[in-house]
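The values are calculated or read from the model by the stated rules, or taken from the named source; none is laboratory data. Please read these numbers as outputs of a predicted model, since none were measured by experiment. When we count neighbours, we look across all protein chains shown, and the Cβ atoms used for this are built from the backbone with ideal geometry, even at glycine. In case anyone asks, the SASA skips ligands and DNA or RNA and just uses the protein heavy atoms, side chains included. Shrake-Rupley method; radii C 1.70, N 1.55, O 1.52, S 1.80 Å.
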Amino acid sequence: MIDGKRVLIIMPAWNEAEGVADIVKEVHTTLPGADVLVVDDGSRDGTSAVAGAAGATVLRLPYNLGVGGAMRTGYRYARERGYDVAVQVDADGQHDPRHIPELIGRLREGADLVMGARFAGTGDYETRGPRRWAMLVLAFWLSRMARTRLTDVTSGFRAANRDLIDVFARWYPVEYLGDTVESTIAVVRAGYRVEQVPVAMRARATGTPSQSPWRAALYLGRIGMIMLLALSRRSPLGARLTTGR
């Protein structure tokens, strides 16, 4: 428990046996009141065994579904066990657990979804070229839709309250970057409150990116263009849902 809330840290992991134990232990040290769930996304190494030995609860998927599929599994686990807050933390070491209380704090102030933003004045994380241009376009349009400043809409470092845990357990995009961009668009358009807090991202400690920077830039550019039609499209979530719990 943290401030009377049951908090679950969901950690999607794919072939992260080399470093996942360190991240699990760091989260437990930083937030001893939180539970850690590692969703092994079809790893071919010893990720599950290493994570379990480090003190995490482990769910192992039979094959690789991607971050979105792993996170949907985690949200279902959180809903079934009555957690109040779910926080996504990557298993590669980029997300600093010391920022988690800031994300949870913003939920207490009324936000439904809080993102840790790399480009909000904290830290020295940088991207360049087409990827950065596409991210700026995304940030501009989503900021207008959310009526608040959002600078890092592709951040996977995010916290969701109980209402959105229920929503994401039933619907969560599995396509690459759908778990960040598409999910954010949907919750904003459904009337949920989305905010960000500045965070300093760390260098990847282990593993390799699942997509090349150029491929990611192409996808971001495509999403940026179709966002021009987003306001006229129907949200897959409809109007805001309330669990009533």
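Details
- Length added when fully stretched, N64-E18, from 0.36 nm per residue minus Cα-Cα: 14.7 nm
- When the solvent-accessible area of the stretch 1-70 is split by element, carbon and sulfur atoms take up 52 percent of it, the probe being 1.4 Å.
- Percent of Cα-Cα distances greater than 21 Å, calculated over the stretch 1-117: 31
- Rg/Rh, computed from the Cα trace of the stretch 1-59 with Rh as the Kirkwood radius, has the value 0.99.
- Its Cα centre serving as origin, the stretch 8-162 has a Cβ charge dipole (Lys and Arg +1, Asp and Glu -1) of approximately 720 debye.
- Per-residue extension of 0.36 nm, minus the Cα-Cα distance of R240 and E109, leaves a gain of 45.3 nm for this segment.
- Potential lengthening of the chain between R170 and T30 amounts to 47.4 nm, from the contour at 0.36 nm per residue minus the alpha-carbon distance.
- Modelled spin-label separation between T57 and E80, with each label point placed 7 Å from Cα along the Cα-to-Cβ direction: 0.9 nm.
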